[in-house]
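Okay, structure first, notes after.
The values are calculated or read from the model by the stated rules, or taken from the named source; none is laboratory data. None of these values were measured; they are calculated from a predicted model. Cβ coordinates were reconstructed from backbone atoms using ideal geometry, including for glycine residues, and neighbour counts include every protein chain displayed. The protein model used for the area step is the full one, side chains on, heavy atoms only, and it has no ligands, DNA or RNA in it. Shrake-Rupley method; radii C 1.70, N 1.55, O 1.52, S 1.80 Å.
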Amino acid sequence: KDIEFIRSYYYNKLEFTRFSSSVGKYVGFTEYGVRNAEYWNNNPSELSAMKAQKEVYCLNHVQNDYNNML
């Protein structure tokens, strides 16, 4: 429950779009980013693929990462 998957998109060190698993959709921070977010949020396959990344990547690796830190 405490794990969040975030994928951010940057150009020239400026974040323009972000997907957050806690929000469940893309959020745009610039004019270009807002257009991308609207396009990706209207694509059900893109949203479902990104929502699945939390389980695929985070939940499968958290125990390994935690053990390596100890």
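Its Cα gyration tensor gives the chain an equivalent ellipsoid, and the semi-axes of that ellipsoid, as √(5λ) in whole Å with the largest first, are 26, 15, 8.
If you count Lys pairs in the chain whose Cα atoms are under 15 Å apart, skipping same-chain pairs closer than 8 places in sequence, the total is 4. Rounded to the nearest 500, the helix-only mean residue ellipticity at 222 nm of the chain stands at -13000 deg cm²/dmol, with each DSSP H run of n ≥ 4 adding -39,500 (n - 2.57).
For the pair GLU46 and ASP2 in one chain, pulling the backbone fully straight at 0.36 nm per residue adds 13.5 nm over the alpha carbon distance. Under a model in which nothing but the beta-carbon of Lys, Arg (+1) and Asp, Glu (-1) is charged, the range 6-69 shows a dipole of about 40 debye around its Cα centre.
Using a probe of 1.4 angstrom and keeping all protein chains present, the accessible surface of the chain works out to 78 square angstrom per residue.
Just to confirm the number: angle between the C-alpha axis of helix 60-69 and the first principal axis of the chain, 0 to 90 degrees, nearest 10? Once rounded, one gets 60 degrees. Taking all protein chains as shown and a probe of 1.4 angstrom, VAL62 keeps an accessible surface of around 60 Å². Length available on full extension from SER20 to VAL56: 0.36 nm per residue minus the Cα-Cα distance, which gives 11.5 nm.
Given R0 = 25 Å, the distance between the Cβ atoms of TYR39 and ASN12 translates into a calculated FRET efficiency of 0.75. Note that the range 26-42 has calculated 3J(HN,Hα) couplings of 7, 10, x, 10, 10, 4, 5, x, 5, 5, 4, 4, 4, 5, 5, 5, 8 Hz, one per residue in order, obtained from phi through the Karplus relation 6.51 cos²θ - 1.76 cosθ + 1.60 (θ = phi - 60°); glycine and proline are x.
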